[in-house]
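Q: Please find one structure pasted underneath; my questions will follow.
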Amino acid sequence: MSRVYNFSAGPATLPEEVLAQVRDEMMDWQGSGMSVMEMSHRGDAFVSIADAATRDLRELLNVPDDYAVLFLQGGATGQFAGIPLNLCADKAQADYVITGSWGKKAHKEAAKYIKSSVAASTAEQGFQTLPAVADWQLDGDAAYLHYTPNETIEGVEFSDIPDVGDVPLVADMSSNFLSRPVDVSRYGLIYAGAQKNVGPAGVTIVIVRKDLIGNPRADTPMFLDYQQQAEADSMLNTPPCFAWYVAGLTFQWLKRQGGLEGMAEINARKAGKLYDFIDASGFYSNPVEPGCRSRMNVPFLLADDEANKAFLTEAEAAGLTTLKGHRSVGGMRASIYNAMPEAGVDKLIDFMKDFEQRKG
Ligand SMILES: *Cc1c(COP(=O)(O)O)cnc(C)c1O
């Protein structure tokens, strides 16, 4: 068996310990004589898996009791619609802060259902910086304010939680969920697709303050109705069982890393050394304003754009894969989520040094 260092933005690399456990439990989960994929979601075995995962997630993030934790289908994109449908029965308007491609999509989807205003946008700056909170055009009457703490494609990340007063804050944390401790009580709703930092694609986590749900628009599809899902423990219909199970194993792995505080330290070190190397080099560059850089997704350009192809081919041969930048940004992108070992970042930096010496 040979595993590469996979820098994919998503679906992304998973902890080897988690994969090994999935392998070991594949044919016979803990004496049940079947795999988790084959179990009834109403049976005791799966219910115990689901409960443990939910408990571990609540513990990791310190989720207060007045928040529901849901494991849903439909991806983060499903929630782009689910959020306005659930939160806007009374006020058909919300504010969106757009700091990259995903925020732009969330805003566009919400506009099908409500008046979604742009409170701030860095489109004109090419999404390479973040807008100062003091300049956001907040509508005091908005049902919520939506923002994207980490923009996966452009590689910009908020380091602090913006203070938006009493308007419920809604965050698409798909690409930095569980990468550091977060004060959940500052949010109305947090959501994240699993395939960046949590597990396989197919499960989407929604953490929502209970007083915000239970009054969806009349045309909200049942499976997206957060209140109904909360009452049914996310089993209104068949949940994404296998992905939920693997997410649960990842939560246990995270606890073994020292929880989110431990993980945050490792993540800061990994990102810090990669940015330090890029900044010290005359050959590589990162276009994002230093205070706004993502600890999860690190885009970088080569001084010689012609060398991109050679960089990717040689990196691949060295066991460093999926480093091609998003087509809208170009160049390279290294996604270094929780499960990317520090040794993978070290190996990438060594490769970049060597490539620069030969081509720079
Ligand atoms: C990947 C991603 C999405 C889209 O997730 P899907 O699960 O494919 O719908 C949305 N927002 C952010 C920040 C992402 O990184």
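Per-residue answers, yes or no, for (1) in contact with a Leu (Cβ under 6 Å, 6 or more places away or on another chain); (2) modelled with pLDDT under 95; (3) surrounded by fewer than 24 Cβ atoms within 10 Å (Cβ to Cβ):
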site	(1), (2), (3)
Glu151	no, no, no
Asn176	no, no, no
Tyr187	yes, no, yes
Asn215	no, no, yes
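Q: If I ask for residues that are outside any strand (DSSP E or B) and under 20 Å from Asp305 (Cβ atoms), which ones from the stretch 275-294 would you list? Steps first, answer last, please.
A: The first filter runs over the stretch 275-294 and keeps only residues outside any strand (DSSP E or B), leaving 275-283, 286-292, 294.
Those that are outside any strand (DSSP E or B) and under 20 Å from Asp305 (Cβ atoms): Phe277, Ile278, Asp279, Ser281, Gly282, Phe283, Asn286, Pro287, Val288.
Q: Leu236: of a type outside the set (Gly, Ala, Ser), within 16 Å of the ligand (Cβ to nearest atom), open to solvent by 10 Å² or more (accessible area, probe 1.4 Å) and in the same structural domain as Glu25 (by TED's automatic domain parsing), yes or no?
A: Details: of a type outside the set (Gly, Ala, Ser): yes; within 16 Å of the ligand (Cβ to nearest atom): no; open to solvent by 10 Å² or more (accessible area, probe 1.4 Å): yes; in the same structural domain as Glu25 (by TED's automatic domain parsing): yes.
No: the conditions fail for Leu236.
Q: Would you confirm, using the coordinates I've provided, whether Ser159 is in contact with a helix residue (DSSP H, G or I) (Cβ under 8 Å, 6 or more places away or on another chain), within 16 Å of the ligand (Cβ to nearest atom), of a type in the set (S, T, N, Q) and assigned to a loop (DSSP other than H, G, I, E, B)? So that I can check it myself, show each step before the final result.
A: Numbers: in contact with a helix residue (DSSP H, G or I) (Cβ under 8 Å, 6 or more places away or on another chain): yes; within 16 Å of the ligand (Cβ to nearest atom): no; of a type in the set (S, T, N, Q): yes; assigned to a loop (DSSP other than H, G, I, E, B): yes.
For Ser159, the condition - in contact with a helix residue (DSSP H, G or I) (Cβ under 8 Å, 6 or more places away or on another chain), within 16 Å of the ligand (Cβ to nearest atom), of a type in the set (S, T, N, Q) and assigned to a loop (DSSP other than H, G, I, E, B) - is not met.
Q: What tally of residues in the stretch 261-277 results from selecting those that are open to solvent by less than 10 Å² (accessible area, probe 1.4 Å) and of a type outside the set (S, T, N, Q)? Before the answer, list the steps.
A: Pass one, the stretch 261-277, residues open to solvent by less than 10 Å² (accessible area, probe 1.4 Å): 263, 267, 270-271, 274.
Among the residues that remain, those that are also of a type outside the set (S, T, N, Q) are: 263, 270-271, 274.
Within the stretch 261-277, residues that are open to solvent by less than 10 Å² (accessible area, probe 1.4 Å) and of a type outside the set (S, T, N, Q) number 4.
Q: Run Lys347 past the list (1) closer than 16 Å to Thr13 by Cβ; (2) without any contact (Cβ under 8 Å) to a residue 60 or more places away in the chain; (3) open to solvent by 70 Å² or more (accessible area, probe 1.4 Å) and report the number of the one that doesn't hold.
A: Condition not satisfied by Lys347: (2).
Q: Also, I was wondering about something else. Kindly establish whether Arg58 is under 19 Å from the mean Cα position of the chain (by Cα) and open to solvent by 30 Å² or more (accessible area, probe 1.4 Å). Steps first, please.
A: Details: under 19 Å from the mean Cα position of the chain (by Cα): yes; open to solvent by 30 Å² or more (accessible area, probe 1.4 Å): yes.
Answer is yes for this residue.
Q: Within the stretch 125-133, is even one residue in contact with a helix residue (DSSP H, G or I) (Cβ under 9 Å, 6 or more places away or on another chain) and within 16 Å of the ligand (Cβ to nearest atom)? Give the steps one after another, and end with the answer.
A: Of the stretch 125-133, the ones in contact with a helix residue (DSSP H, G or I) (Cβ under 9 Å, 6 or more places away or on another chain) are 127-131.
Okay, now just the ones that are also within 16 Å of the ligand (Cβ to nearest atom), so 127, 130.
Yes, the stretch 125-133 has at least one match.
Q: Name the residue, out of Ala52, Ala68, Ala120, Ala106, that is open to solvent by less than 60 Å² (accessible area, probe 1.4 Å), without any contact (Cβ under 8 Å) to a residue 24 or more places away in the chain, among the hydrophobic types (A, V, I, L, M, F, W, C) and not in a loop (DSSP other than H, G, I, E, B). So that I can check it myself, show each step before the final result.
A: Numbers: Ala52 fails: without any contact (Cβ under 8 Å) to a residue 24 or more places away in the chain; Ala68 fails: without any contact (Cβ under 8 Å) to a residue 24 or more places away in the chain; Ala106 fails: without any contact (Cβ under 8 Å) to a residue 24 or more places away in the chain.
Checking each option against the conditions leaves just Ala120.
Q: Here's something else I'd like to know. Inside the stretch 293-316, can you point out the residues that are open to solvent by 60 Å² or more (accessible area, probe 1.4 Å) and in contact with a helix residue (DSSP H, G or I) (Cβ under 6 Å, 6 or more places away or on another chain)?
A: If the condition is that a residue be open to solvent by 60 Å² or more (accessible area, probe 1.4 Å) and in contact with a helix residue (DSSP H, G or I) (Cβ under 6 Å, 6 or more places away or on another chain), then no residue fits.
Q: Cβ-Cβ distance below 7 Å, separation of 6 or more or different chains: which pairs start in the stretch 156-175 with a residue that is assigned by TED's automatic domain parsing to the domain that holds Gly291 and more than 26 Å from Asp90 (Cα to Cα) and end on one that is open to solvent by 20 Å² or more (accessible area, probe 1.4 Å) and more than 10 Å from the ligand (Cβ to nearest atom)?
A: Cβ pairs passing all conditions: none.
Q: Among the aromatic types (Phe, Trp, Tyr) and either open to solvent by 50 Å² or more (accessible area, probe 1.4 Å) or within 15 Å of the ligand (Cβ to nearest atom) (or both), is that true of Phe223? Show your work before the answer.
A: Values: among the aromatic types (Phe, Trp, Tyr): yes; either open to solvent by 50 Å² or more (accessible area, probe 1.4 Å) or within 15 Å of the ligand (Cβ to nearest atom) (or both): yes.
For Phe223, the condition - among the aromatic types (Phe, Trp, Tyr) and either open to solvent by 50 Å² or more (accessible area, probe 1.4 Å) or within 15 Å of the ligand (Cβ to nearest atom) (or both) - is met.
Q: Which one is nearest to the ligand (Cβ to nearest atom), of the residues in the stretch 162-196 that are outside any loop (DSSP other than H, G, I, E, B) and hydroxyl-bearing (Ser, Thr, Tyr)?
A: If we filter the stretch 162-196 for residues that are outside any loop (DSSP other than H, G, I, E, B), which is where we start, we get 169-172, 184-186, 189-193.
Those left that are additionally hydroxyl-bearing (Ser, Thr, Tyr): 185, 191.
Details: Ser185: 22, Tyr191: 9 Å.
That would be Tyr191.
The values are calculated or read from the model by the stated rules, or taken from the named source; none is laboratory data. Keep in mind it's a predicted model, so treat the numbers as computed, not measured. In this analysis, Cβ positions are derived from the backbone assuming ideal geometry, glycine residues included, and neighbour counts consider all displayed protein chains. The accessibility values were calculated without ligands, DNA or RNA, using every heavy atom of the protein model including side chains. Shrake-Rupley method; radii C 1.70, N 1.55, O 1.52, S 1.80 Å.
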